[in-house]
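Read through the structure below, which is laid out as structure tokens, and then see the notes.
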Amino acid sequence: MKKVLYRNQLSKFLGVNLIAAMLFSVSLFSQSENADPAKGKQIFNQNCASCHSLDRKGTGPALRNVESRLEEEGLDREWIYAWVKNSSGVIKSGDSYANKIFAEYSNTAMTAFPTLSNGDIDNILAYTAAVEEKPAASAAVPVSGDVSGGSSSGVSNEIILGALALVFALLVAMLFMVNKTLRNIAKANGIDVERERAEKRIPIWKAFVQNQFLVLVSVVFLLLTSAYFVYGYFMQVGIDQGYEPVQPIHFSHKVHAGDNKVDCKYCHSSARVSKTSGIPSLNVCMNCHKSIYEYKGNPEGPSQSDIENGYTNEFYTKEIKKLYAAVGWDEEGQKYTGESKPVEWVRIHNLPDFVYFNHSQHVSVAGVECQTCHGPIEEMEVVSQHAPLTMGWCINCHRETNVKMEGNAYYDKIHEELSKKYGVEKLTAAMQGGLECGKCHY
């Protein structure tokens, strides 16, 4: 009897464990099935993309099909959860694979993400396991429009031009006939038209010289016209509005400041505190381009105008390679080689030496936006000088721009006194001495 009872208990125990295992596997399967690659891509870009890419080694390893590769090492998804949420803890636990990866990447521990749930990690894994989609070839855009519309428009234009040519030919024929008729009438009346015309004809230069008033007016007109053009020429000396030089490395403000919304003062940080805005060092570029090694562009692909100008994804990627060559970055080894070379940037905005302009005074104190002087920089593929940067242009700005008083106790007393003096609520830079010569010239 005891044997029978023991065998029944054993069978019940095995049955319960089998059911539990089946339920656990079903829950894992459903969890994996419910993973969303689209959400995973979003989480990946927010948390992982700064160090990892799918198909290329970066600060960390490539993550394409990372789960299947870890399975070959005997590691399951629970290990991935523990690694993502606390990689340092897994390393300290003595895990052999964790220590291997830690040593391979220069003993640099992965940032812990304890706030990511298992579901978030499942979504990321689904994204890394998704099949890479090839961008669809863009349909050819007809340049000349609809063929049938173009042909009908061409026929109508040809008819109109033919009719105009016929009318012109009829007018020429009529004038020729009228001229011939008048000559015959003059000949019948004994009039020699050619002889009388020759006797009355005076050379045009002689007629001009004989008319002293016409000579005086012409001389005055020539002098005034010459003075106007000479004045205009000298007034344009040193004005480089529209100047658009080619840089040794193509940098698209349209892509960086426009598409990616990079703040101007991230690269030109000294504009907040210094007289000059400064040229960003290549290390600033490498803060992002250590991980961004190729340009993938917008999801819909480059526009037709970009293609016509040669601004393709391949073009931008080649410019990134120029950056790597200049800074001495080894893509494969993910390290600096020490073999760098300077980039000879071409200056665009340049004021004369006798002009003083302080970026921090305008950017930090006055709150002037970069676009006020530099134009819609976020739309420029190639930067050009937007404003003339002349003395008159600066003076007009000082006359029209109100001084920023809010939150600035320094101006409280000045504002009170000047408001009484000028009888206005708002004060311009000109009212506070913005037109004095010593403000800009020293």
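A Cα-only calculation for region 226-350 places Rg and Dmax at 18.6, 67 Å. Residue order by solvent-accessible surface for M177, M235 is M177, M235, largest first, with ligands and nucleic acids left out and a 1.4 Å probe. Local charge sum around P61 (other residues, Cβ-Cβ under 15 Å, Lys/Arg +1, Asp/Glu -1)? Net of charged neighbours comes to -1. By a 1.4 Å probe calculation restricted to protein chains, I414 has an accessible surface near 60 Å², given to the nearest 10. For region 272-289 versus region 392-434, the inter-centroid distance based on Cα atoms is 32 Å. The figure for E379 is an accessible area of roughly 130 square angstrom, using a 1.4 Å probe on the protein chains alone. Between region 35-69 and region 153-193, the C-alpha centres lie 81 angstrom from each other. Rolling a 1.4 Å probe over the protein heavy atoms leaves D120 with an accessible area of roughly 40 Å². Principal axis extents of the C-alpha atoms in region 308-442 (largest first, rounded to whole Å): 68, 34, 30.
Fully extending the segment from V284 to V424, taken as 0.36 nm per residue of separation minus the present Cα-Cα distance, adds 45.8 nm.
Along its principal axes, region 182-294 has C-alpha extents of 100, 37, 22 angstrom, given from the largest down.
Given C-alpha coordinates of region 290-334, what is the ratio Rg to Rh with the Kirkwood estimate of Rh?
Across region 290-334, the Cα-based Rg/Rh ratio is 1.07.
Working note: Cα atoms of region 226-288, range along each principal axis, descending, whole Å: 56, 26, 21.
Averaged over its residues, region 30-91 has an accessible area of 54 Å² per residue, based on protein heavy atoms and a 1.4 Å probe.
Over region 383-442, the Kirkwood radius and the radius of gyration, each from Cα atoms, give a ratio Rg/Rh of 1.06. Taking the protein heavy atoms of region 240-366 in the context of the full set of protein chains, the accessible area attributed to carbon and sulfur is 53 percent at 1.4 Å.
The values are calculated or read from the model by the stated rules, or taken from the named source; none is laboratory data. Just so we're clear, the structure is a prediction, and the values are computed from it rather than from any experiment. As a convention, Cβ positions derive from the backbone with ideal geometry for all residues, glycine included, and neighbour counts pool all protein chains shown. Please note that ligands, DNA and RNA were not included when accessible areas were found on the heavy atoms of the full protein model with its side chains. Shrake-Rupley method; radii C 1.70, N 1.55, O 1.52, S 1.80 Å.
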